[in-house]
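Read through the structure below, which is laid out as structure tokens, and then see the notes.
Every number in this text was worked out from the coordinates using simple rules, so none of it is lab data. The shown structure was predicted, so the numbers you read here are calculated from the model rather than taken from an experiment. Here the Cβ positions follow ideal geometry from the backbone for every residue, glycine too, while neighbour counts run over all protein chains shown.
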Amino acid sequence: MEIIRTLTGDMIPERAGAVYYHEHVIARSPVSREKEPDLELCDIDRMVSEVKLFKEAGGTLLVDASIADFGENSHLRLEISEKSGIPIVGTVGFGQKEHHSEQVRNSTTEQLYERVMEAAENGYGRNHLKPGQLKFGTSYGFISESENRCARAVARAQKSLSMPLFTHTGIGTMGLEQIALLKEEGANLEQVCIGHMDRNPDLWYYRELLKNGVFIGLDQISKIKYCTEQTRIDLICELIRLGYRKKILLCGDMARQSYLTSFGGGPGFGYILKVFLPRLVRQLTEQGMQEEQAMDIRDDLICNNPRQYLSFEA
């Protein structure tokens, strides 16, 4: 039976409505504490309030993509889920090289694989919670030696477990190289999302990625420091025209206090559902599409596609 694995237990995919496939509700990294305190997300009450904004906007499920602590703070994510009433999917794996601990840097691919398998099969953190997503990351324009080992370990785990796998790309680069590595390791590309691709708004590149059966993540929505919302919407419309509406995942990756309403920032967890998606639907109808069809596409992008991505055989 297919399930979506959350920190509060397995759920039937059909129960999931609007999904944020890549967010962060707890982030306690030594990197953020020392260099960028804006990246420190550790106030439980504020994050519960933020997740409730997502719920009030129509959200039903979100994925916490933080993996730096490898489960140390998993109980805090569970607390946020229980207090907000929103199921949260946990993630295990490895980030890009600057987030690799000395232990990770000195581990073999096999040792890293065993670590991921142990966490996925037996749980992690003090509550032994099971993740519902795997992850690895690569740098801007290259894949380091330790990133290569981590990526291969996670790819092998995905082959063994048949779980969804998210890849962090440095500014939307190295996606094709990630796919080549995943193929070498026998991963199921239908359960892979190449993330952060709206950092690199290149339609040709998207098409080359999508030819391999992967999902692509346009998950920097609201961050006009990278590209305008109109650029994102035009790219989405063109991908829909090309037949890829079932392979697009949307999110905001709002991993800073300054992005979150509950910390006095913005636009917050309500933005995509309340502002961005209505604007996309409006553009589709202005281009001649019937409103019912435009709403069906909206539901694919925020409900059906992430549900498909996150589902796997238990």
| query | If the viscosity is 0.692 mPa s and the temperature 37 °C, what translational diffusion coefficient in µm²/s does Stokes-Einstein give for the stretch 215-314 when Rh comes from Kirkwood over Cα pairs? | reply | 230
| request: Just subtract the alpha-carbon distance of CYS227 and GLU114 from 0.36 nm times their residue separation and send over the number in nm, one decimal. | output: 36.8 nm
| said: So if the hydrodynamic radius of the chain is defined as the Kirkwood radius over C-alpha pairs, what does Stokes-Einstein give as its diffusion coefficient at 10 °C and 1.306 mPa s, in µm² per second? | reply: 82
| note | Of the candidates HIS75, GLY95, ASN106, the farthest towards the positive dipole end of the stretch 55-111 (Lys/Arg Cβ +1, Asp/Glu Cβ -1, centred on the Cα centre) is GLY95
| DSSP-defined antiparallel bridges as percent of all bridges, the chain, nearest 5 | 25
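Considering all alpha-carbon pairs of the stretch 141-287, what whole percent are spaced by more than 29 angstrom? Could you put the intermediate results ahead of the total?
Values: 2283 of 10731 pairs.
More than 29 Å apart: 21 percent of the Cα pairs in the stretch 141-287.
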| At ARG279 and ASN122, where each label point lies 7 Å from the Cα along Cα→Cβ, what is the point-to-point distance in nanometres? | 4.8
| query | Given charges of +1 on the Cβ of Lys and Arg and -1 on the Cβ of Asp and Glu, with all other atoms neutral, how large is the dipole of the stretch 1-131 about its Cα centre, in debye to the nearest 20? | reply | 120
| message | Going 7 Å from the Cα of GLU98 along its beta-carbon direction, which residues of the stretch 241-276 have the amide nitrogen within less than 19 Å of the resulting point? | response | 253-259
| field | the stretch 2-313 - charge dipole about Cα centre, Lys and Arg +1 at Cβ, Asp and Glu -1, debye rounded to 20 | value | 180
| task | Considering the options GLY123, GLN133, GLY266, tell which one lies farthest towards the positive end of the dipole of the stretch 2-313, charges being +1 on Lys and Arg and -1 on Asp and Glu at the Cβ, about the Cα centre. | result | GLY266
